[in-house]
Amino acid sequence: MSQDRSTSLIHHDYVPPAGFGSPAVAVHKASTVFFPNTAALRTHSWLDKSAYTYGLHGTPTTFTLEARIASLEGGKQALLAPSGLSAISLVDIALLGQGDEVLLPDNAYGPGKTFARHELKSWGITHRVYDAMDPASLEALLTPQVKLVWVEAAGSVTMEFPDLRALIAAVRRGAPQAVIALDNTWGAGIAFDAFALGVDLTVHALTKYPSGGGDLLMGSVVTADETLYRRLALAHSRLGLGVGLNDVEAVLRGLPSLPLRYAAQDAAGRQLARWCAQRPEFARVLHPALPGSPGHEHWADTCSAAAGLFTVELDLRYSPAQADAVVDALKLFRIGWSWGGPVSLAVPYDAASLRSRPVPYRGTLIRFSLGLEAVEDLQADLAQALDLLHRAP
């Protein structure tokens, strides 16, 4: 049967031979997925990842990344979300309903707490915050209404490392019905084994260390519980959450170097943090691997590594405006949100604005995220910026 050229271009009969292999995972893009017959159309299911039905439900490329992220985190099933925050929101929406309560550490990632204060509240879901460094603070809040408890290590910006075992044990005693969710972005599946500690699921901002490029947004939710996975996957489907396949390709490309990059940024972060601890401009340096940092003993008992991330508290004799001037004077450190990419970043914070409970930090905070530059160059850059504090006004 003769065909018009436009038809033959769409329905060409060439099929490339099977057996091609290379280091890169093939990028399978789709909204529409073809079925071999109507029986398959009616019976294929995507939930167990044994078949393909529609682009939102997965392609070979997304299934591959999900499998690798699940393996990285020590779980069995993973779901991809458009960002780390959307992964947090997915967990809240999937597991909470009107009349339920969620508990969050006061030092959790700020936008996750904001989601609880606004969207969850408007849906009749209450939330309370606890002191992550005091398991008794958490235990006092556990009731039958608590259906989800978030834990985070290390704490956002202020870098406290909690006693995760004690927090998890408290929930198991006081609210056995609750799901325990860990934001594992800092640990990246490298620093410690989250599921061995007893959490039910992890959330990971793949935007950060797994990507490593500072050029995409993506999140994941991982669990080892099939029933929990089904609840999450069905909510994921109903919400229509999807990720770009080129972004998936970029994360897959970054994953093989993740342990090497994490180790390099960890080593650089520790070296610069130790240097900062000797500087008179700083009242304290907040880095879980440094003795004296809040929760250092818990980090030492739990972790084999630490992220390339730390925060300094300026001495009280320096004003917030002077802190901003130091950050503005940096040349290699750039000013910007996020972390885990190749470029080092610095951001000033007012500690009191981050927490609902009183904080022990009175000076302005500056968070540093180490990239892949030579640490000696970063140290020199910070030294020249700190010189501003010693010049006459």
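The sole residue among Val203, Val248 that is in contact (Cβ under 8 Å) with a residue 12 or more places away in the chain and closer than 23 Å to Pro60 by Cβ is Val248.
Within the range 343-384, being part of a loop (DSSP other than H, G, I, E, B), crowded, with 19+ Cβ neighbours inside 10 Å and of a type in the set (A, V, I, L, M) holds for one residue alone: Leu370.
So, Asp350, is that one within 25 Å of the chain's Cα centre (by Cα), of a type in the set (Asp, Glu) and in the same structural domain as Thr311 (by TED's automatic domain parsing) or not?
Working: within 25 Å of the chain's Cα centre (by Cα): yes; of a type in the set (Asp, Glu): yes; in the same structural domain as Thr311 (by TED's automatic domain parsing): yes.
Here the answer is yes, as Asp350 does meet what is asked.
Which ones in the range 197-211 are surrounded by 24 or more Cβ atoms within 10 Å (Cβ to Cβ) and either touching a strand residue (DSSP E or B) at 6+ places or on another chain (Cβ under 6 Å) or more than 21 Å from Val151 (Cα to Cα) (or both)? Don't jump to the end; show me each part of the working.
The first filter runs over the range 197-211 and keeps only residues surrounded by 24 or more Cβ atoms within 10 Å (Cβ to Cβ), leaving 199, 201-207, 209-210.
Scanning the range 197-211 gives Val199, Leu201, Thr202, Val203, His204, Ala205, Leu206.
Residues in the range 159-189 that are in contact with a Phe, Trp or Tyr (Cβ under 7 Å, 6 or more places away or on another chain), closer than 22 Å to Ala116 by Cα and in a loop (DSSP other than H, G, I, E, B): Met159 alone.
Could you tell me whether Ala263 is touching a residue at least 40 places away in the same chain (Cβ under 8 Å), of a type in the set (A, V, I, L, M) and either assigned by TED's automatic domain parsing to the domain that holds Ser338 or touching a Pro at 6+ places or on another chain (Cβ under 9 Å) (or both)? Steps first, please.
Numbers: touching a residue at least 40 places away in the same chain (Cβ under 8 Å): yes; of a type in the set (A, V, I, L, M): yes; either assigned by TED's automatic domain parsing to the domain that holds Ser338 or touching a Pro at 6+ places or on another chain (Cβ under 9 Å) (or both): yes.
Considered against the rule, which asks whether it is touching a residue at least 40 places away in the same chain (Cβ under 8 Å), of a type in the set (A, V, I, L, M) and either assigned by TED's automatic domain parsing to the domain that holds Ser338 or touching a Pro at 6+ places or on another chain (Cβ under 9 Å) (or both), Ala263 comes out as yes.
In a residue-by-residue description of the range 69-90, the property of being closer than 19 Å to Val149 by Cβ, in contact (Cβ under 8 Å) with a residue 24 or more places away in the chain and among the polar types (S, T, N, Q) applies to at least one position.
Taking Thr53 as the residue in question, decide whether it is farther than 17 Å from Ser220 by Cα, among the polar types (S, T, N, Q) and either part of a helix (DSSP H, G or I) or over 15 Å from the mean Cα position of the chain (by Cα) (or both). Break it down stepwise before answering.
Details: farther than 17 Å from Ser220 by Cα: yes; among the polar types (S, T, N, Q): yes; either part of a helix (DSSP H, G or I) or over 15 Å from the mean Cα position of the chain (by Cα) (or both): yes.
Considered against the rule, which asks whether it is farther than 17 Å from Ser220 by Cα, among the polar types (S, T, N, Q) and either part of a helix (DSSP H, G or I) or over 15 Å from the mean Cα position of the chain (by Cα) (or both), Thr53 comes out as yes.
Take Gly295 and decide whether it is at pLDDT 95 or above, farther than 22 Å from Asp106 by Cβ, of a type outside the set (D, E, K, R) and not assigned by TED's automatic domain parsing to the domain that holds Pro111. Walk me through how you get there before you give the answer.
Details: at pLDDT 95 or above: yes; farther than 22 Å from Asp106 by Cβ: no; of a type outside the set (D, E, K, R): yes; not assigned by TED's automatic domain parsing to the domain that holds Pro111: yes.
Criteria not met by Gly295.
With the condition being touching a strand residue (DSSP E or B) at 6+ places or on another chain (Cβ under 8 Å), I'd like the helices (runs of 4 or more DSSP H) fully within the range 225-342 carrying at least 2 qualifying residues. Fully inside the range 225-342 and qualifying: 226-239, 258-277, 320-329. The set of residues from the range 205-259 being under 16 Å from the mean Cα position of the chain (by Cα) and hydroxyl-bearing (Ser, Thr, Tyr) comprises Thr207, Tyr209, Ser211, Ser220, Thr223.
The values are calculated or read from the model by the stated rules, or taken from the named source; none is laboratory data. The structure displayed is predicted, hence computed values, not measured ones. Here Cβ is always computed from backbone atoms with ideal geometry, including for glycine, and neighbour counts include all displayed protein chains.
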